[in-house]
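Heads up: the structure comes next, in structure tokens.
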Amino acid sequence: MEGSADGRPVIRVEGLRKSFGHLEVLRGIDLEVHRGEVVVIFGRSGSGKSTLLRCINFLEEPTAGVVEVDGIRLEPGHRTSNKKELIRQVRIRTGMVFQQFNLFPHMTALQNVMEGPITVKGKPEAEARGLAMHFLEAVGLADKADEYPIRLSGGQQQRVAIARALAMEPEVMLFDEPTSALDPELIGEVLEVMKSLSTELHMTMIVVTHEMGFAREVAHRMMFFHEGKILEEGPPSEILTNPRFPETKRFIDAVL
Amino acid sequence: MRVNQGTGAGVARPPDLAQERPGLRERLELASLAVPFRVKLALVWLGIFVVLGLLFALAGFDTAWMREEWLFVLKGLPWTVIISAASIGLAIVLALFGALARLSRNPVAYGVSGFYVSFFRGTPLIVQLFLIYLGLPQIGANLERYVPGIHEALLLDPLTAGILGLGLNYGAYMTEIFRAGIQSIGHGQLEAAYALGMTYRQAMRRVILPQAVRVIIPPTGNEFIAMLKDSALVSLLGTVVSQMEIFRRAQLVGRADFRPFEAFILAAAVYWGLTTAFQFFQGRLERRLSKGYVREYGAERRPRFLPASAAGGIGPGALEVEVPTEAGPRQER
């Protein structure tokens, strides 16, 4: 499954750095993600995993480096109208799922999923509705279409959030600790949906998570973040059973 | 609930008291506790009206005159409502743009809105009204030779000047209410909208403002009630007879027949009725907007600030809890 037809990666990150004041959170990240690939990023909190995801769609402005998504190249600098439009194009091509779901509370599940296609892509309502129902079905929540988020469980809310991102038909999905805010018994249903994205839709995904079972089963590659750098990467079979660095081993032992 | 009045029957008392018969004070307290709060509240209100009625009778108010003239005062009500509704409409538009400007990084928008809020909150409403009504024509007259027709255009009738002044003044206060309302929506909502590819404008229109409205409505209702009363100030500009609102009419008949107290009590009653009716409608609007924020259907029918058990015992006053506004309490402008 590695490598896309044209050989060009969907996401390419080069020399990415990000500082908050004096604190350097990302200290030179290079990575490529190819079509259909699932990359799991793990590491201690504060190691820069989430910041990397947020820099890829420019929710956070990197301090230095290059981000390329589906051929669109972004670099840090002043947000001119031109650059704002490029950022928007990148965001349209990347679906993001947040730790806190961030569903729109004043809209039903269906309206949440329809919102992107209608407002951002200008699709007619009927078409957007069909699209939204299709993805609500894909995450197993067609019967909850008319419920407001407050009446859904955390797991259901996160699945709606996944459907909302999918409805934009993105090239790549970014998952920022999607199960960390969930009660333990609700984690499984969300991971199951994420797994099906890979196996059935061959979705390209970058997943920040500590769910090692999911990683072992779904990831093609895993990256261990340590102090703002990728300390070690490789297929799960290798990295989980035979880590090269003591830091990686210690972390895996701690979460397993 | 039955209150046990017997001695030592299951009720734990300090040992020395338990031996004696309950004193008068004790019995009164127990009797009082047996009366529901709601009944007591009704009695208090009844008492207030009895005392007021008594004062009324003692003052020798001319009730016959009041019966005769109350319709005349009441006819000012449509104008009070028109002035207030037009002004609050203008204020809402100004507050929306003012708030967005206060949150913008555009130096022109930020600077102009900062000046606007500072000036109109920092000077008395009555001064602003006179500046608009008397000051603008003077500017117009002096500019007439450069811009023909401007004198005429700035010569506002009292009603227009009043609406403009009230709208500008309240818009400044409400700018801060709107800004706080917009800022109260969590940052995650904006990020989620951006992540979908929305522009700032789309995110505001589709995601942030619809949620902020819910936060903004209660303090805006407060402002409207204040405005219903402040609309009386427009009279000081001297409205034409056909457009007189409640206060002006009361003043007029009160003076003509030398019945000032009677006239202003009528005016007060009309204002009071108006604000009470408005509060009722505001409550209904707020309940409608709570959709998506309440878990069980039907729960929105109960006052939101109280647990279900307490709601029954407090009575209608519970819904009229004053919502603190960003602008803070204020009596005069």
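Only the coordinates and a few stated rules stand behind these numbers; no lab work does. Just so we're clear, the structure is a prediction, and the values are computed from it rather than from any experiment. Ideal geometry is used to build each Cβ from the backbone, glycine not excepted, and the neighbour counts take in all protein chains shown.
So here's what we get for this one:
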{"read-out": "Residue that is nearest to the other protein chains (Cβ to nearest Cβ), among those in segment B:217-227 that are surrounded by 19 or more Cβ atoms within 10 Å (Cβ to Cβ) and in contact with a Leu (Cβ under 9 Å, 6 or more places away or on another chain)", "value": "B:Gly221"}
{"read-out": "Top-ranked residue of segment B:160-183 - restricted to ones that are farther than 19 Å from B:Glu223 by Cα and surrounded by fewer than 19 Cβ atoms within 10 Å (Cβ to Cβ), ranked as farthest from the other protein chains (Cβ to nearest Cβ)", "value": "B:Thr160"}
{"read-out": "Residue ranges of helices (runs of 4 or more DSSP H) in segment A:148-226 with at least 3 members within 14 Å of chain B (Cβ to nearest Cβ) and either farther than 25 Å from A:Arg129 by Cβ or β-branched (Val, Ile, Thr) (or both)", "value": "A:154-166"}
{"read-out": "Hits in segment B:66-82 (condition: in contact (Cβ under 8 Å) with a residue 60 or more places away in the chain and out of contact with any Asp or Glu (no Cβ under 6 Å at 6 or more places or on another chain))", "value": "B:Glu69, B:Trp70, B:Phe72, B:Val73, B:Leu74, B:Lys75, B:Leu77, B:Val81"}
{"read-out": "Sole exception among (1) more than 9 Å from chain B (Cβ to nearest Cβ); (2) free of Cβ contacts under 8 Å to residues at least 24 places away in the same chain for A:Gln89, by number", "value": "(1)"}
{"read-out": "Test result for A:Leu152, in contact with a helix residue (DSSP H, G or I) (Cβ under 8 Å, 6 or more places away or on another chain) and over 22 Å from B:Pro210 (Cα atoms)", "value": "no"}
{"read-out": "Given (1) closer than 28 Å to B:Arg287 by Cβ; (2) within 14 Å of chain A (Cβ to nearest Cβ); (3) surrounded by fewer than 21 Cβ atoms within 10 Å (Cβ to Cβ); (4) not aromatic (Phe, Trp, Tyr), number of the condition B:Arg201 does not satisfy", "value": "(1)"}
{"read-out": "Failed condition for A:Leu110, given (1) within 11 Å of chain B (Cβ to nearest Cβ); (2) closer than 25 Å to B:Val294 by Cβ; (3) of a type outside the set (Ser, Thr, Tyr); (4) free of Cβ contacts under 8 Å to residues at least 60 places away in the same chain", "value": "(1)"}
{"read-out": "Flag if A:Leu136 is more than 8 Å from chain B (Cβ to nearest Cβ) and not polar (S, T, N, Q)", "value": "yes"}
{"read-out": "Unique match (being without any contact (Cβ under 8 Å) to a residue 60 or more places away in the chain and either surrounded by 13 or more Cβ atoms within 10 Å (Cβ to Cβ) or closer than 21 Å to A:Gly46 by Cα (or both)) among A:Ala254, A:Ala219", "value": "A:Ala254"}
{"read-out": "In segment B:187-198, the residues that are in contact with a helix residue (DSSP H, G or I) (Cβ under 9 Å, 6 or more places away or on another chain) and more than 7 Å from chain A (Cβ to nearest Cβ)", "value": "B:Leu190, B:Ala193"}
{"read-out": "Residues that are in contact (Cβ under 8 Å) with a residue 24 or more places away in the chain, among the aliphatic types (A, V, I, L, M) and surrounded by fewer than 19 Cβ atoms within 10 Å (Cβ to Cβ), drawn from segment B:234-264", "value": "B:Leu236, B:Val240"}
{"read-out": "Within segment A:106-140, tally of residues that are outside any helix (DSSP H, G or I) and farther than 21 Å from A:Glu177 by Cβ", "value": "8"}
{"read-out": "Wholly within segment A:4-83, strands (runs of 3 or more DSSP E) carrying at least 3 residues that are away from chain B (no Cβ under 14 Å) and within 23 Å of A:Glu211 (Cα to Cα)", "value": "A:23-33, A:38-43"}
